[in-house]
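Novice: Sharing a structure here in structure tokens format.
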Amino acid sequence: MARITLGALLKPEARPRIPAQEEFCFCKTPSCEVVYYSDGQALFRKDDLAVRVGLKEPNDPTAPACYCFGWTPEKIRAEIERAGRSTAIDQIKAQVKAGNCFCEVTNPQGSCCLGNVAKAVQDAMPSSGTRS
């Protein structure tokens with residue numbers, strides 16, 4: 001995890017607490033309030049971020065799946081209901097190819113969101129059996 005991610009996504013009052021070290025980890029556990037940790041110590045929790053952490057809100061269809069281009073499970077589901085398929089992955093890939101992706105800065109994971117978007121597409125498909 002890069003310091004630039006923390007600096008971009010933390011609330012201003014939390015930024016002074018960014019430690020000097022360069023290594024931070026992202027907690028992928030949905031039920032955990034911790035978002036970033038280092039050496040087994042919690043550094044920042046969901047409330048410390050200026051953005052919602054989509055992976056930490058798995059039951060919220062409006063939580064971001066893609067931070068650069070605004071894809072949410074709700075938006076993906078609506079497109080599938082309207083068109084029978086989602087174009088989210090193709091659109092994101094085209095934007096990445098055009099150099100318009102800034103996941104390191106916009107995504108709390110500090111990495112590409114395509115895995116999260118692919119899961120949201122799969123979950124939204126009528127045959128997936130996981131629709132809520």
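Novice: Taking the range 64-100 as the region of interest, how many residues are surrounded by fewer than 19 Cβ atoms within 10 Å (Cβ to Cβ), among the small types (Gly, Ala, Ser) and part of a loop (DSSP other than H, G, I, E, B)?
Specialist: Qualifying residue count, the range 64-100: 4.
Novice: Would you mind stating whether Ala20 is on the phi < 0 side of the Ramachandran plot, assigned to a loop (DSSP other than H, G, I, E, B) and in contact with a Gly (Cβ under 9 Å, 6 or more places away or on another chain)? Steps first, please.
Specialist: Values: on the phi < 0 side of the Ramachandran plot: yes; assigned to a loop (DSSP other than H, G, I, E, B): yes; in contact with a Gly (Cβ under 9 Å, 6 or more places away or on another chain): no.
For Ala20, the condition - on the phi < 0 side of the Ramachandran plot, assigned to a loop (DSSP other than H, G, I, E, B) and in contact with a Gly (Cβ under 9 Å, 6 or more places away or on another chain) - is not met.
Novice: Looking at Pro58, Pro73, Pro12, which one is within 30 Å of Pro126 (Cβ to Cβ) and modelled with pLDDT of 95 or more? Quick ask: steps written out before the conclusion?
Specialist: Values: Pro58 fails: modelled with pLDDT of 95 or more; Pro12 fails: within 30 Å of Pro126 (Cβ to Cβ).
Exactly one residue qualifies, and that residue is Pro73.
Novice: Kindly indicate the residue of the range 23-47 that is part of a loop (DSSP other than H, G, I, E, B) and of a type in the set (S, T, N, Q) and also farthest from Cys113 (Cα to Cα) among those meeting that condition.
Specialist: Ser31
Novice: Going through the range 29-51 one residue at a time, which ones are charged (D, E, K, R) and either surrounded by 11 or more Cβ atoms within 10 Å (Cβ to Cβ) or farther than 20 Å from Pro64 by Cβ (or both)?
Specialist: Taking the range 29-51 as the starting set, the residues that turn out to be charged (D, E, K, R) are 33, 39, 45-48.
Glu33, Asp39, Arg45, Lys46, Asp48 - these are the residues of the range 29-51 that are charged (D, E, K, R) and either surrounded by 11 or more Cβ atoms within 10 Å (Cβ to Cβ) or farther than 20 Å from Pro64 by Cβ (or both).
Novice: Output yes when any residue across the range 4-20 is exposed (fewer than 15 other Cβ atoms within 10 Å of the Cβ), among the charged types (D, E, K, R), more than 15 Å from Lys119 (Cα to Cα) and touching a strand residue (DSSP E or B) at 6+ places or on another chain (Cβ under 9 Å), and no when none is.
Specialist: Within the range 4-20, one or more residues are exposed (fewer than 15 other Cβ atoms within 10 Å of the Cβ), among the charged types (D, E, K, R), more than 15 Å from Lys119 (Cα to Cα) and touching a strand residue (DSSP E or B) at 6+ places or on another chain (Cβ under 9 Å).
Novice: Let me ask you something else. Can you find even one residue in the range 2-9 that is among the basic types (Lys, Arg), under 19 Å from the mean Cα position of the chain (by Cα) and farther than 26 Å from Asp60 by Cβ? Please lay out each step first, then the result.
Specialist: We begin by selecting, within the range 2-9, every residue among the basic types (Lys, Arg); these are 3.
With the extra rule that they be under 19 Å from the mean Cα position of the chain (by Cα), the set shrinks to 3.
Okay, now just the ones that are also farther than 26 Å from Asp60 by Cβ, so 3.
Yes; the residues of the range 2-9 include at least one that is among the basic types (Lys, Arg), under 19 Å from the mean Cα position of the chain (by Cα) and farther than 26 Å from Asp60 by Cβ.
Novice: What residue, among those in the range 48-63 that are hydrophobic (A, V, I, L, M, F, W, C) and either part of a loop (DSSP other than H, G, I, E, B) or in contact with an Asp or Glu (Cβ under 7 Å, 6 or more places away or on another chain) (or both), is nearest to Pro108 (Cα to Cα)?
Specialist: The qualifying residue nearest to Pro108 (Cα to Cα) is Val53.
Novice: Could you check, for the range 102-117, whether at least one of its residues is on the phi > 0 side of the Ramachandran plot and either outside any loop (DSSP other than H, G, I, E, B) or crowded, with 18+ Cβ neighbours inside 10 Å (or both)? Even if it seems obvious, please write down each step before you answer.
Specialist: Start the filter on the range 102-117 by keeping residues that are on the phi > 0 side of the Ramachandran plot, which leaves 110.
Then keep just the ones that are either outside any loop (DSSP other than H, G, I, E, B) or crowded, with 18+ Cβ neighbours inside 10 Å (or both); that gives 110.
For the range 102-117, residues on the phi > 0 side of the Ramachandran plot and either outside any loop (DSSP other than H, G, I, E, B) or crowded, with 18+ Cβ neighbours inside 10 Å (or both): present.
The values are calculated or read from the model by the stated rules, or taken from the named source; none is laboratory data. Quick caveat, the model's predicted, so the values are computed rather than measured. Reconstructed Cβ throughout: ideal geometry from the backbone, glycine too, with neighbour counts over all protein chains shown.
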